[in-house]
Every structure is written in structure tokens, then in C-alpha cells.
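Quick notes on the structure that follows.
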Amino acid sequence: MKNMKQWFLVALAASSFTYANAQGIEKKITLKEDFKAERQANGDYKLSIPKGIYKMQQGRDKKELLASAPIAVYGDTLISAPKSERLYFMLTNNGDTTIITERKITVSGPSNFRDIGGIPTKDGKHIVWGQFYRADELSGLKEAEFPYLNSLGIKQVYDLRSQDEVNSKKDHLPESMKWIHYPIFEEGNDAQMKAVMQKFRDGSMTKEAASQLLVKANQDFATKNLPRFQVLVKQILDADSPSLFHCTAGKDRTGFTSALLLSVLNVDRETILDEYLMTNYYTYDKIQGGMDKMFGSAPVKIDKEVVTQLMMVDKAYLEAGFGEIIKKYGNMDNFIREGLKISDEQRLSYQKKYTY
């Protein structure tokens, strides 16, 4: 396809029918973490940690975390917390310290809203928590959840969707968050998109063709759309406050943005791919739950495998983007210097600021 917007609207059209059969999508935790904090329905935290005796401190921010009185915990434990506040936990054992909080931001509407903090870097450090958030569309957020959302500290929200997507489902955000419309794709002629959509609707699009659309999308992210990502990544890294970036499904434009940020901060390629593939884990239930609604009311023939292919992520998609980067720049370090226009000195400054 000549226009990237055309590709995306095909995938968007698939999602507008709700979601497909999750056959072919594996609900698997790909990002392995020895220490995890998961928010329960009542707001409490379930801490999953290796067996042992840990000194634990907790707080709503770094200052409060460090100042809090330590308590002893012995492996997995529950911590009471108000639903309106986010807490951080610092666990120390034999001189080793780990900081955790919830990765999945569980609120109404989005299923793929998550913090990319805590991820290990190649030099043994970790990405700071509470600075970089990624998500799917945010129209379903409820005002009752705004106190909790405000506790995340997010000040700017980059909406990577087209104007048509924004018009369809506008973000519903607290006043404390500045909405920034930053479409990755240029607005343009949608005649070819309509032709592809017709193939999708009449069932003539194949699973292989759907997969190739997403491969091509990621290749274009690293080439045709690179100037947009170049500006976006630097704006997020230069911000003095936490940022959230999102598209409609939170998987392609958002996934590529996340991959670039993690690359700048010295995370290895396999870990970046593992983080990318967590979209399948987080969205699995929503995809599975919408199957009956979609296929019970669809007025035209729709291939389940095609829709599933459009709604999931596959390692091959992001790898296709990486492949274009290596083809042109030789390695990721050169790409960051020449493609993203981030000097070695600036990159080290970002790593110092956003890792611990």
C-alpha cells in the first residue's frame, strides 16, 4: 500500500467490529520479572517476590519511598492501599535493591495501558518507573478514576492516531493531562484503503496478506515515517514530567515508539521484543470476549484468522522494522545517532536520567 494511513484504517476497521476469535493468540507472559506488583480489584497490591527476607519501604513517590519506615516481608504478600493512589515498593535483600509498582494500569476502557519502567538494561540497570506509559485508545476512562490517574503524574498525552480516529473516539482525560495530537500517518486519499477494506469485508483477504500489511507498516515506521518518530522520541525524553503515548490498539505505532525509547535507554533487542509481545497477553481476554458479538452480528463474511492477525502482534512485525534499521544504519547505535539524531553525549544523559 502506498499510504500508511490506508494500512492502519484496515486494522482499525477490524477493531470497529469489536474483536476477533483469539485463536492463534497465545496468552503468555513474555516479559519475565522476578519481582511484580499487581493491583487487586479493591486497590490492594499483591507483591510476588522470590522467597527470602526483605526489607520493604513504600511510598507514593521517590522521596516518600526513601523516607518511609522499613518493614520485613517474607516472600509474596498483600499490601493495603487506597484505590485512588499509586504506590511504589523498594525491596532490599543482602544489599540488592529492587523497586516495583504495577505495570498494567487497570482502568475502564483501555486493556493495553502499561508502564514500561522496571525493564532491565544491558548494563545491569533498570528503566525508572512512572515516566513512560503506553496505551490503547482512552475514550472509556471514567471521572471516578481520575484521582488514580492523576497519581501517575502524567502531564502530556501524545495521541498518535489520525484525525478520523480521534473524531471516532476522543480521549477522556483529567484536566491535569495535556492532550497533544501527534498523528504518525499523514492524512490523504483513502481510495486504495477502501479497495483493501472491500477485500477484508468480502472475505478475499488472506491471513498471509494481513500479516504482510503489518510487516510493511513496521518497515515504513523505520523509513517513511521516521521523521515523525524522530521528533516524538526526543520530545518524550526531553520532557520534565511523565508522558503517555497511545494509538487505537496500542500495539503498532505505540509499540514502535516504545521500542525506540527502550533502545535509546540501552535495553537489548530481545527484551524489547518481549515487552512488545506483552500486548497479546494484555489484550487476550478482550479479544476473546468480543468474539460472540462480532460474529453474531457481522453483516458480511469476515475471516476470523484475518481479523485476529490484524489485532495481535507478532515478533516478525517489529523485527521487520529492526531489519530496515540494520539494513540502512548497520546497527542500533548508528541509527540512534543518525536516524534519531541523538548524539552519544545526549544519549548518555538520557540513560543517566531515566535508569537506576
Fill in the blank from the handout: Among residues of region 174-204 being touching a Lys or Arg at 6+ places or on another chain (Cβ under 8 Å) and open to solvent by 70 Å² or more (accessible area, probe 1.4 Å), the residue modelled with the lowest pLDDT is 192
Exercise for the section: Only residues that are open to solvent by less than 40 Å² (accessible area, probe 1.4 Å) and either at positive phi or free of Cβ contacts under 8 Å to residues at least 60 places away in the same chain (or both): list them for region 146-168, please. Expected result: 146, 149, 153, 166
Problem - Filtered residues of region 59-84 (kept if of a type in the set (D, E, K, R) and surrounded by 13 or more Cβ atoms within 10 Å (Cβ to Cβ)) - result: 60, 61, 62, 64, 83
Completion exercise
Among (1) surrounded by 13 or more Cβ atoms within 10 Å (Cβ to Cβ); (2) in a loop (DSSP other than H, G, I, E, B); (3) in contact with an Asp or Glu (Cβ under 7 Å, 6 or more places away or on another chain), residue 106 falls short only on (3)
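Does region 59-75 hold any residues that are part of a loop (DSSP other than H, G, I, E, B) and either at pLDDT below 95 or under 30 Å from residue 305 (Cα atoms) (or both), and which are they? Reasoning before the result, please.
Pass one, region 59-75, residues part of a loop (DSSP other than H, G, I, E, B): 60-61, 68-70, 75.
Correct list: 61, 75.
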Problem - Verdict on residue 222 being open to solvent by less than 50 Å² (accessible area, probe 1.4 Å) and touching a Gly at 6+ places or on another chain (Cβ under 8 Å) - result: yes
Completion exercise
For region 109-144 the number of residues that are open to solvent by 10 Å² or more (accessible area, probe 1.4 Å), under 14 Å from residue 261 (Cα atoms) and hydroxyl-bearing (Ser, Thr, Tyr) is 1
Practice task
Tell me which residues, restricted to region 334-356, are assigned to a helix (DSSP H, G or I), over 19 Å from residue 226 (Cβ atoms) and either in contact with a His (Cβ under 9 Å, 6 or more places away or on another chain) or open to solvent by 20 Å² or more (accessible area, probe 1.4 Å) (or both).
Solution key: 344, 345, 348, 349, 351, 352, 353
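So that you can scan it fast, the table gives a plain yes or no per residue for (1) surrounded by 15 or more Cβ atoms within 10 Å (Cβ to Cβ); (2) at pLDDT below 95; (3) not in a helix (DSSP H, G or I):
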| site | (1), (2), (3) |
| --- | --- |
| 6 | yes, yes, no |
| 15 | yes, yes, no |
| 26 | no, yes, yes |
| 41 | no, yes, yes |
| 47 | yes, no, yes |
| 57 | yes, no, yes |
Practice task
Can you give me the number of residues within region 300-333 that are closer than 25 Å to residue 131 by Cα and in a helix (DSSP H, G or I)?
Solution key: 5
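The values are calculated or read from the model by the stated rules, or taken from the named source; none is laboratory data. On a predicted model such as this, the values are computed, not experimentally measured, just so you know. FYI the Cβ positions are ideal-geometry reconstructions off the backbone, even for glycines, and counts take in every protein chain you see. Just the protein is used for accessible areas: all its heavy atoms, side chains included, with ligands, DNA and RNA removed. Shrake-Rupley method; radii C 1.70, N 1.55, O 1.52, S 1.80 Å.
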